[in-house]
Amino acid sequence: MGYTTSLSQHSKWRRFGKGVRYLENAAAICLLAAIIIVVLLAVFFRYVLADPLSWSGEVATYMFAWLTLLGISIAQRDHAHVDLKLFAHLGETVAIALAWFCWIVSVLFFAVLAIAGFVFAAGETVQTGPVSGIPLWIIYACVPTGGFLGLYHLLNELQHLIRSPLSVSAAYHPEEIVDV
C-alpha cells in the first residue's frame, strides 16, 4: 500500500509540474503577444493617426520585465542558459564538483532574487505607474515570481543531480554527447 501511495503522490507531483510548465509557457506567449500588439498599436497611433498613446511605452516595459523574469525561470527549467565546458578535460570528480557548485550558486541566486524581490515588491503598495496607473507592486512582483519559479525548477532537478550529476546537462542537451 505504501508503494501505491508513493506512485499516486509521484503522479500528482508530475501533474503539478506539467501544470506549472503549461502556465509558464502560456504566460510567456501571452506576454510576448501583448508586447507586440502594444508596440504595433503605438506605432500605428503615432505615425498613422498622429495621436501617440501615452501609456504604450510604460506598459510594454512592464510586460517586458515580466517576460524577462519568467524567461529566466523557463531557461532554468529547460537548461537553456549558457553552459561552458571549460573543465571537462579534468575528469569526472571535477565535473561532479562543478555540477554541484553550479547548482548551489543557482539556488543562492534564485533565493536572493525571490526573497529580496518579495521584500522590494511588498514595500511598493502605494505607488502606481506614472501614466498607466498600474500599481507598482504588480510590476515588481515579477522579481520574486521569477525567483520562486527558478527555485522550483532547481529543486525538481535535485533528485536527478543526486542520482547522476554528470548527466544533468546531457539529459537536456543530448546533441552534445560525443562518443569517443
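Mind checking which residues of the range 15-41 are among the basic types (Lys, Arg) and within 17 Å of the chain's Cα centre (by Cα)?
Narrowing the range 15-41 to residues among the basic types (Lys, Arg): 15, 18, 21.
18, 21, listed by residue number.
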Item to complete: Check off (1) at pLDDT 90 or above; (2) under 18 Å from residue 161 (Cβ atoms); (3) not in a helix (DSSP H, G or I) for residue 81 and give me the number that stays unchecked.
Response: (1)
Worksheet item: Just checking, how many residues over the range 118-137 are among the hydrophobic types (A, V, I, L, M, F, W, C) and either touching a residue at least 60 places away in the same chain (Cβ under 8 Å) or closer than 27 Å to residue 161 by Cα (or both)?
Response: 2
Worksheet, complete the sentence: Counting only residues that are of a type in the set (Val, Ile, Thr), under 21 Å from residue 57 (Cα atoms) and either modelled with pLDDT under 85 or surrounded by 14 or more Cβ atoms within 10 Å (Cβ to Cβ) (or both), the range 118-131 contains a total of 1
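Quick check: is even one residue across the range 19-26 in contact with a His (Cβ under 8 Å, 6 or more places away or on another chain) and surrounded by 10 or more Cβ atoms within 10 Å (Cβ to Cβ)? Give the steps one after another, and end with the answer.
Here is the first cut: in the range 19-26, the ones in contact with a His (Cβ under 8 Å, 6 or more places away or on another chain) are none.
Within the range 19-26 (the criterion being in contact with a His (Cβ under 8 Å, 6 or more places away or on another chain) and surrounded by 10 or more Cβ atoms within 10 Å (Cβ to Cβ)), the answer is no, since none of the residues qualifies.
Yes or no, residue by residue, for (1) within 13 Å of the chain's Cα centre (by Cα); (2) closer than 19 Å to residue 29 by Cα; (3) surrounded by 14 or more Cβ atoms within 10 Å (Cβ to Cβ); (4) in contact (Cβ under 8 Å) with a residue 40 or more places away in the chain:
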| residue | (1), (2), (3), (4) |
| --- | --- |
| 43 | no, no, no, no |
| 55 | no, no, yes, yes |
| 65 | yes, yes, yes, yes |
| 71 | yes, yes, yes, yes |
| 92 | no, no, no, yes |
| 116 | no, no, no, no |
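The values are calculated or read from the model by the stated rules, or taken from the named source; none is laboratory data. Bear in mind the structure is a predicted one, so any value in this text is a computation, not a measurement. Please note: Cβ atoms are built from the backbone with ideal geometry, for glycine as well, and neighbour counts cover all protein chains shown.
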